[in-house]
1. Would you check which residues across the range 173-194 are open to solvent by 10 Å² or more (accessible area, probe 1.4 Å), touching a helix residue (DSSP H, G or I) at 6+ places or on another chain (Cβ under 9 Å) and not acidic (Asp, Glu) and list them?
2. Does the range 154-161 contain any residue that is free of Cβ contacts under 8 Å to residues at least 60 places away in the same chain, open to solvent by 10 Å² or more (accessible area, probe 1.4 Å) and not charged (D, E, K, R)?
3. Within the set of pairs 6 or more residues apart or between chains, which connect a residue that is among the charged types (D, E, K, R) inside the range 81-99 to a residue that is part of a loop (DSSP other than H, G, I, E, B) and open to solvent by less than 30 Å² (accessible area, probe 1.4 Å) with Cβ atoms less than 9 Å apart?
4. Take the range 11-55 and flag every residue that is open to solvent by 50 Å² or more (accessible area, probe 1.4 Å) and under 13 Å from ALA102 (Cα atoms).
5. Is one or more of the residues making up the range 206-214 at positive phi and modelled with pLDDT under 95?
6. Quick one: how many residues across the range 323-342 are basic (Lys, Arg) and within 13 Å of ALA166 (Cβ to Cβ)?
7. Mind checking which strands (runs of 3 or more DSSP E) fall wholly inside the range 265-355 and carry at least 1 residues that are without any contact (Cβ under 8 Å) to a residue 60 or more places away in the chain and open to solvent by 50 Å² or more (accessible area, probe 1.4 Å)?
8. In the range 229-245, what residues are out of contact with any strand residue (DSSP E or B) (no Cβ under 7 Å at 6 or more places or on another chain) and without any contact (Cβ under 8 Å) to a residue 60 or more places away in the chain?
Amino acid sequence: MTPTFNKVHNRFKLNGNSFSFEDLKEVAYSFIKEGDLFEKEIGDFLSDWLDNNDFILVKTSGSTGQPKTITLSKQAMVHSAIATGDFFKLQPSNTALLCLPATYIAGKMMLVRAMILGLEIDCVQPTTNPEFEIKKHYDFCAMIPAQAEKTIQKLSNIKTLIVGGAQVSPKLKQQFKGLKTNIFETYGMTETITHIAVKQINDKATNYFKTLPNITISQNDKECLVIDAPQLNTTQIITNDVVKLHSKTTFEWLGRIDNVINSGGVKLFPEQIEAKLQSKIGPRFFITSEKDETFGEVIVLVIEAEDNTLNPAVFSDLTAIQTPKTVYSIPAFAETTSGKINRLKTMALVDCYKN
C-alpha cells in the first residue's frame with residue numbers, strides 16, 4: 001500500500017523525538033513562534049504540509065530565470081520520496097541530516113522523506129559550514145557543493161551524500177576520492193520535485209546520470225532532455241538541458257541550450273569549458289560570449305576579482321576556439337536568492353564597468 005501525504009510513518013523521529021501527524025502540528029507552531037530563523041522555516045513548511053490542502057506552493061531558485069512560485073502535489077512529493085528511498089535502499093529508522101534551508105524544495109523534501117520513509121532526522125542551521133555531531137553516524141544527507149567542501153573532514157560520518165543545487169567542480173570531485181561515503185551528484189529542479197537522476201562521483205564514479213525508479217527520458221528536436229515521470233507530473237517535463245542519451249534511463253549532461261555559444265559554426269557549451277578551468281582559477285568565474293564580426297560570437301571569461309590578470313597557462317587545456325578572447329573582472333557577482341550566480345545581471349554590471 002502506497003504511503004499518503006496525510007500520514008506520518010510510525011518510525012519517524014525529528015531531532016530524536018517521535019511525533020504523530022497531529023503532534024507535528026504542535027511542533028510546527030512551536031518552531032514558528034519560538035524557533036531560530038531556520039526552525040521557523042521548518043515550522044512554516046510543516047504547517048503547510050499538515051494542512052487540509054493536497055498541494056503546497058514552492059519557490060523556484062531563479063537560477064535559470066526569474067524566481068517564481070509553483071504548485072506541487074503533496075502526493076507527488078510522496079512518490080518522489082519513495083523513489084529516492086528505493087534507489088538508495090533507505091530503511092525505517094535510518095538516520096538523516098537536514099542542513100539545507102526548508103524554504104526551497106531540497107530542504108522540504110528531506111523532511112518529506114523522513115516523514116514518509118520513517119527516518120530519524122536531525123535539523124541543523126543551514127550555513128555553508130553546517131555544524132553537526134561528528135560522533136554520530138548518518139545514513140543519508142543532502143548538501144550543496146559549498147557545504148560538502150567545507151565539511152569534507154566530517155563526511156566519513158555520512159553513509160550516502162547527495163550533492164546538488166550547483167555543479168560539482170572537478171577539484172571537489174578529486175577531494176571526494178578515497179572517502180568511504182557514497183557521494184552522488186544529482187540532476188533535477190523544483191518542477192521535478194528535486195532530483196530525478198543521480199550519478200556517483202567518488203570511488204565508483206560515472207559520467208552518466210541514472211534516473212530514479214519509474215522515470216524515463218527522451219530528447220526533443222533541440223536535443224534537450226524530456227522527462228516522463230507520471231507519478232511526479234501529469235505531463236512531460238521539457239527541459240533546456242542539452243544531453244547525450246545512452247538509454248531510456250541514462251544520460252550525459254552537456255549544458256543548457258540558452259547558454260550555448262555558436263562561434264564560427266561550432267557549438268560550445270560554457271559549462272564544459274568551465275569544468276576544464278575550475279581547478280586553475282581561484283575566484284568565482286563563468287564563461288559567456290559577446291558578438292564578433294568574424295565568428296558571430298566569441299568566448300569571454302568573467303571573473304569575480306579586482307583585476308582581470310590571469311596567467312595564460314590557465315587556458316592550456318582549451319582549444320583555440322574555446323580560449324576566451326577577453327577576460328572581464330568585476331568585484332562582486334550578482335546572485336539569485338539562493339546564492340547562485342545570476343549571469344544576466346552580472347553581465348549587465350560588466351557592461352556598466354566597460355562604459
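The values are calculated or read from the model by the stated rules, or taken from the named source; none is laboratory data. Since the model is a prediction, treat every value here as computed from it, not as a measurement. So basically every Cβ, Gly included, is an ideal-geometry build from the backbone, and we count neighbours across all protein chains shown. These area figures cover heavy atoms from the full protein model, side chains too; ligands, DNA and RNA do not enter into them. Shrake-Rupley method; radii C 1.70, N 1.55, O 1.52, S 1.80 Å.
1. GLN175, LEU179, LYS180, ASN182, PHE184, THR186, GLY188, MET189, THR190, THR194, listed by residue number.
2. yes
3. ASP86/LEU212
4. ILE32, ASP36, LEU37, LYS40, ASP44, SER47, ASP48
5. Within the range 206-214, one or more residues are at positive phi and modelled with pLDDT under 95.
6. Of the residues in that region, 1 qualify.
7. Strands (runs of 3 or more DSSP E) meeting the threshold: 266-268, 285-292.
8. Correct list: PRO230, THR234, THR235.
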